[in-house]
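Colleague: First the structure, then my questions, so here it is.
The values are calculated or read from the model by the stated rules, or taken from the named source; none is laboratory data. These figures come from a predicted structure and were not determined experimentally. Glycine also receives a Cβ, built like all others from the backbone with ideal geometry; neighbour counts cover every protein chain displayed.
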Amino acid sequence: MNEIEKNTQPLLHAIGFDRLLHSDPQGVARVRFVPRPEFAHTEGTIVQGGFITAWLDNSMAFAVVSRESGVGLASLELKVSFLERVGVAPVEAEARVLRWGGSVVFLEASLFAQDGRVLARASSTGKLLRPR
């Protein structure tokens, strides 16, 4: 377990966070999530979109922290495109910093099935929250 994982919030574990697979100082993070049956609708076969949105949003926060330790992220805008249904099986989200400003950051993330298919994509504008 690395320093970033040690500081994860309880909410992250409640929504299926499994582990941080990769992070680098360029602002890239790859995160594994394991959905539980209670996250799904349609007779338990499709994960509800709010969980998918939260996974993508949190993976982008990991990308920010990977670039600058101790910085938080407040999402100002978030757009999600659901490309395929997400079943109750492990998924991986990869997020990256597109542009890093003084107080604003632009991010993107993709959610992948175990076979590599892209299930959802997100883009976000966020406010960087630095300790005072």
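Colleague: Name, by its number, the condition in (1) surrounded by 14 or more Cβ atoms within 10 Å (Cβ to Cβ); (2) touching a helix residue (DSSP H, G or I) at 6+ places or on another chain (Cβ under 6 Å); (3) over 21 Å from Gly101 (Cα atoms) that does not hold for Gly44.
Modeller: Gly44 satisfies all of (1) surrounded by 14 or more Cβ atoms within 10 Å (Cβ to Cβ); (2) touching a helix residue (DSSP H, G or I) at 6+ places or on another chain (Cβ under 6 Å); (3) over 21 Å from Gly101 (Cα atoms) except (1).
Colleague: For segment 20-50, give me each residue that is more than 15 Å from Val64 (Cα to Cα), touching a residue at least 40 places away in the same chain (Cβ under 8 Å), in contact with a Phe, Trp or Tyr (Cβ under 9 Å, 6 or more places away or on another chain) and not hydrophobic (A, V, I, L, M, F, W, C).
Modeller: Matches in segment 20-50: Arg32, Pro35.
Colleague: Hey, Glu92 hits all of (1) of a type in the set (D, E, K, R); (2) loosely packed, with under 14 Cβ neighbours inside 10 Å; (3) within 22 Å of His13 (Cβ to Cβ) but one; which does it fall short on?
Modeller: (2)
Colleague: Could you look through segment 104-119, keep only residues that are within 22 Å of Val65 (Cα to Cα) and among the small types (Gly, Ala, Ser), and pick out the one that is surrounded by the most Cβ atoms within 10 Å (Cβ to Cβ)?
Modeller: Looking at residues that are within 22 Å of Val65 (Cα to Cα) and among the small types (Gly, Ala, Ser), I get Ala109.
Colleague: Would you mind stating whether Gly70 is modelled with pLDDT under 95, of a type in the set (Gly, Ala, Ser), farther than 19 Å from Phe17 by Cβ and more than 10 Å from the chain's Cα centre (by Cα)?
Modeller: Yes: the conditions hold for Gly70.
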